[in-house]
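Asker: This structure is in structure tokens; I'll ask about it shortly.
The values are calculated or read from the model by the stated rules, or taken from the named source; none is laboratory data. Nothing here was measured: the structure is a model prediction, and the numbers come from that model. When we count neighbours, we look across all protein chains shown, and the Cβ atoms used for this are built from the backbone with ideal geometry, even at glycine. SASA here: full protein model, heavy atoms, side chains in, ligands and nucleic acids out. Shrake-Rupley method; radii C 1.70, N 1.55, O 1.52, S 1.80 Å.
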Amino acid sequence: MTKDIIVQRERRVGWLLVLPALLLLLGVFAYPIGQAFWQSLFNQNLGTQLTSEFTGLSNYARMTQDGRFWQTMWNTSVFTFFSVFFEFLLGLGVALVLNQSFRGRGIVRTVAILPWALPTALIALAWTWIFNDQYGIVNDILLRLGLIQTGINWLGNPTLAMGAVIFADVWKTTPFISILLLAGLQSISEDLYEAHRIDGASPWQSFRQITLPLLMPQIVIALLFRFAQAFGIFDLIAVMTGGGPGGATETVSLYIYSTVMRYLDFGYGAALVVVTFVLLILVVAIAAFFLNRSRAKARGVN
Amino acid sequence: MTTFPESVSKSQRSSGINWRSLILPIAVILVVLFCLAPVLWQLLTSVKVNQDISAVPSVYFPRRFTLEHYQQLFARRPFWNYLLNSFFVAAASTLLALGLGAPAAYALARLRLQGERVILAGVLIVTLFPPILLFLGLLRVVQVLSLGDNYLALVLPYAAINLPLTILVMRSFFEQLPRDLEDSAKVDGYNTVGTLLNIVLPLTLPALATTGILAFITAWNEFIFALTFITRESMKTVPVAASQLGGASIFEIPYGPIAAATVLGTLPLVLLVLFFQRQIIQGLTSGAVKG
């Protein structure tokens with residue numbers, strides 16, 4: 001009987017401790033998402049003089065006809081796929097290098113997380129300068145090497161501009177992946193490699209048969225985080241190209257932002273938020289499924 | 001690739017050419033160059049005279065150095081304000097995140113709450129939401145509560161963004177803490193809150209520092225809320241203010257001051273990374289992997 005009272009009191013205190021954090025989380029995360037679902041059923045724009053008019057699913061119907069929406073979806077997919085792909089390859093490489101023992105490893109590790117910690121908007125300014133068409137260092141190096149004859153307008157060409165923002169994003173977020181993968185690498189026991197080598201396996205074989213499978217949970221987590229961040233990319237592109245040239249680098253988040261802040265089309269902006277949110281959740285659910293599977297597998301090998 | 005353990009290279013050394021002893025230093029140098037070059041180029045640009053900045057071909061080893069761009073930044077813009085705003089907003093939101101997150105993490109680790117799993121799952125999913133999904137709803141909140149041009153419009157969302165990481169990292173810390181400590185505190189007559197304040201909190205300071213550093217970095221770097229909710233010039237944060245630096249016309253882009261602004265805006269974070277590298281790595285990995 002007394003134990004029940006103690007447990008009950010503990011629970012009451014527990015809820016008191018959790019409640020403030022929970023309320024703030026609900027206010028900042030749950031409310032805006034719920035609000036977007038609700039608002040997406042209304043028309044609220046300059047046409048309705050910013051008053052809400054219930055229109056059902058018409059905002060979603062409008063989206064199917066909206067070429068700019070599909071263009072931004074495509075841009076977002078291209079950006080997300082290529083940046084996450086290259087970040088993963090580079091991040092894995094960097095993690096493998098940092099996992100070796102060499103003199104000055106501490107300093108190199110510090111340097112290697114630097115890009116991740118710096119403000120994206122400011123880094124975007126640095127990359128804009130680097131890709132500058134007249135005075136940029138990229139053009140300068142290519143000219144000096146004799147690879148080009150005249151300076152390239154990197155941020156003024158649709159394809160090159162996309163390449164430039166992807167490059168900048170890869171630079172900024174590779175450290176995040178390498179930190180996560182390095183932690184995973186360090187948790188793999190040296191004995192496994194030892195035993196594998198005695199069995200006559202080559203380094204490449206042990207990489208494929210030991211490192212990759214055991215690292216899989218960290219890989220899935222890193223890719224999941226990076227997917228979500230890249231899919232919602234805003235500051236880097238907003239500062240580097242503003243979505244240009246001609247909308248070639250406009251991602252969904254930039255489109256949402258200008259729909260709301262420039263065109264004051266709140267209802268349609270909300271519908272765009274809802275669709276982006278649903279897509280994100282879908283991918284997360286799929287990734288969670290693979291994560292559980294890879295974790296079970298990794299446990300099996302261990 | 002290069003995963004094979006130490007002893008392989010030793011055995012290879014006897015067999016002639018040792019590729020690994022060549023590849024590793026080159027790889028390390030490439031990693032360092034890759035990470036530092038863009039930042040160093042911006043630093044160099046910020047101290048070059050205008051003539052050298054717009055020189056073709058580019059000047060890599062300038063003979064003249066100047067602090068003119070930095071002076072311009074402070075003379076023409078309230079740059080001290082930007083720095084102080086960023087600092088205040090980041091510090092306040094970090095403290096709030098720790099103040100709300102640590103007790104919640106303790107409760108989730110120790111006190112048997114119903115619905116614990118639901119709360120944890122929610123906290124985890126929320127870390128994946130990009131801010132663009134939230135800004136529309138928050139804009140409404142800011143309008144209704146008339147929080148526009150009020151630091152609360154940034155401090156509260158930033159604290160919320162940092163709460164999931166705080167809760168996850170602190171919870172895994174509390175779970176590793178020996179339970180005996182709290183049990184004996186209870187025997188000594190402390191209640192739950194008393195135990196928390198007098199016994200647990202002092203032991204928790206290192207973990208609080210770890211999450212605090214990460215929270216500070218996230219808040220300092222945030223862009224979209226700062227861009228949307230703060231419009232008064234003197235209240236802007238560094239990332240937004242720097243991204244809006246412009247010249248008298250489109251054709252006159254102030255490259256020097258922009259470079260100087262990026263250097264000043266990144267400097268505090270460079271220092272944080274230099275001093276707290278270990279904590280940052282620890283916090284990031286335990287935050288993400290525990291999920």
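Asker: Keeping all protein chains in place and using 1.4 angstrom, which order do A:Thr64, A:Thr55, B:Thr211 fall into by accessible surface area, from largest down?
Answerer: Values: A:Thr64 85, A:Thr55 45, B:Thr211 0 Å².
Listed by decreasing accessible area, they come as A:Thr64, A:Thr55, B:Thr211.
Asker: For an R0 of 22 angstrom, estimate the FRET efficiency from the Cβ-Cβ distance between A:Ser77 and A:Phe289 and round to the nearest 0.05. Could the numbers behind the result be given before it?
Answerer: Working: r = 21 Å, r/R0 = 0.94.
The value I calculate is 0.60.
Asker: Please state, as a whole number in µm²/s, the translational diffusion coefficient that the Stokes-Einstein equation yields for the stretch A:12-138 at 10 °C and 1.306 mPa s, with Rh defined as the Kirkwood radius across alpha carbon pairs. Spell out each step's value before the answer.
Answerer: Numbers: Rh = 20.7 Å.
Roughly 77 µm²/s, to the nearest whole number.
Asker: Another question about this same structure. If all Cα-Cα distances of chain A are sorted into 10 Å bins from 0 onward, what percent lands in each bin, rounded to whole numbers?
Answerer: Bin by bin from 0 Å, the calculated values are 5, 19, 24, 23, 17, 8, 2, 0, 0.
Asker: Taking each residue in A:281-293, count the Cβ atoms of any other chain within 10 Å of its Cβ, then average. What number comes out?
Answerer: Working: counts 3, 0, 1, 4, 1, 0, 1, 4, 0, 0, 1, 0, 0.
Mean inter-chain Cβ contacts per residue within 10 Å come to 1.
Asker: With the crude spin-label approximation of a point 7 Å out along Cα→Cβ, what separation in nm comes out for A:Met261 versus B:Phe65?
Answerer: Taking the two extended label points, one gets 3.7 nm.
Asker: Using only Cα atoms, what Kirkwood radius does the stretch B:70-289 have, in angstroms? If you can, show how the numbers build up before the last one.
Answerer: Working: mean 1/r = 0.0519 Å⁻¹.
Hydrodynamic radius (Kirkwood, Cα only) of the stretch B:70-289 equals 19.3 Å.
Asker: Which one, B:Ile119, B:Ile281, B:Ile230, has the greatest fluctuation when you compute a Gaussian network model over chain B with C-alpha springs under 10 angstrom?
Answerer: Between B:Ile119, B:Ile281, B:Ile230, it is B:Ile119 that shows the largest mean-square fluctuation.
Asker: With charges only on Cβ, +1 for K and R and -1 for D and E, what is the dipole size of the protein assembly as shown about its Cα centre, in debye, rounded to 20? Walk me through the numbers before you get to the answer.
Answerer: Numbers: 38 positive and 28 negative charges, 172 e Å.
Here the protein assembly as shown has a charge dipole of around 820 debye.
Asker: Still on this structure, please answer the following. If you take each beta carbon of peptide B:30-43 and count the beta carbons of other chains within 10 angstrom, what is the mean?
Answerer: Per residue, the average neighbour count from other chains is 6.
Asker: May I pose another question? With all protein chains present, how much of the accessible area of the protein assembly as shown (probe radius 1.4 Å) comes from carbon and sulfur, to the nearest whole percent? Walk me through the intermediate numbers first.
Answerer: On the way: 17960 of 27240 Å².
C and S atoms contribute 66 percent here.
Asker: While we're on this one: Taking the square root of 5 times each eigenvalue of the Cα gyration tensor, what semi-axes in Å does the equivalent ellipsoid of the stretch A:155-302 have, largest first? Provide the component values of the computation, followed by the final result.
Answerer: Working: eigenvalues 329, 73, 20 Å².
Taking √(5λ) for each Cα gyration eigenvalue gives 41, 19, 10 Å.
Asker: What spacing in nm lies between the two simple spin-label points modelled at B:Asn198 and A:Phe54, each 7 Å away from Cα in the Cβ direction?
Answerer: The answer from the label model is 5.9 nm.
Asker: Next question. Given a 1.4 Å probe and the protein chains all in place, what does the accessible area of B:Phe276 round to, in Å² to the nearest 10?
Answerer: Roughly 70 Å² of B:Phe276 is accessible to a 1.4 Å probe.
Asker: Further, regarding this structure: Stick to the Cα atoms of the protein assembly as shown, pair each with every other, and give me the Kirkwood hydrodynamic radius in Å at one decimal.
Answerer: Values: mean 1/r = 0.0384 Å⁻¹.
26.0 Å is the Kirkwood radius here.
Asker: In percent, how large is the relative contact order of the stretch B:106-228, given Cα pairs closer than 8 Å and 6 or more residues apart? Intermediate results must be reported in sequence, preceding the final value.
Answerer: On the way: 52 pairs, mean separation 46.3, N = 123.
After rounding, I find 38 percent.
Asker: Suppose accessible area is computed on protein heavy atoms with a 1.4 Å probe; arrange A:Asp235, A:Asp199 from highest to lowest. Walk me through the numbers before you get to the answer.
Answerer: Values: A:Asp235 30, A:Asp199 125 Å².
From most accessible down to least: A:Asp199, A:Asp235.
Asker: So for each of A:113-119, A:214-220, B:198-204 I average, over its residues, the number of other beta carbons within 10 Å; can you give me the resulting order with the highest mean first? Kindly include the intermediate steps, with their values, before the conclusion.
Answerer: Values: A:113-119: 22.7, A:214-220: 21.0, B:198-204: 14.7.
Averaged packing, sorted descending, gives the order A:113-119, A:214-220, B:198-204.
Asker: Which helices of chain B meet both criteria: a Cα extent of 24 Å or more along the helical axis and a mean Kyte-Doolittle score no lower than -1.0, with helices taken as whole DSSP H segments?
Answerer: Numbers: long enough: B:19-46 (40 Å, 1.94); B:79-110 (46 Å, 1.12); B:152-176 (36 Å, 1.28); B:201-221 (30 Å, 1.30); B:255-289 (41 Å, 1.31).
Membrane-span-like by this rule: B:19-46, B:79-110, B:152-176, B:201-221, B:255-289.
Asker: Another question, if that's okay. Using the alpha-carbon centroid of each, what span in Å lies between the stretch A:170-194 and the stretch A:229-302?
Answerer: 26 Å
Asker: What average count of beta carbons from other chains do you get within 10 Å of the Cβ of residues in A:178-191? Working shown, then result.
Answerer: On the way: counts 1, 6, 6, 1, 2, 7, 2, 1, 1, 2, 1, 0, 3, 0.
For this peptide, the per-residue mean of nearby foreign Cβ atoms is 2.
Asker: Here is a further query. For the residue pair A:Arg9 and A:Leu160, what label-to-label distance in nm results when each label sits 7 Å from Cα along the Cα-to-beta-carbon direction?
Answerer: Rounded to a tenth, the inter-label distance reads 7.3 nm.
Asker: Excluding A:Gly242 itself, what net charge comes from residues whose Cβ is under 12 Å from its Cβ, given Lys and Arg +1 and Asp and Glu -1?
Answerer: On the way: positive: A:Arg262; negative: A:Asp235, A:Glu250.
Here the count lands on -1.
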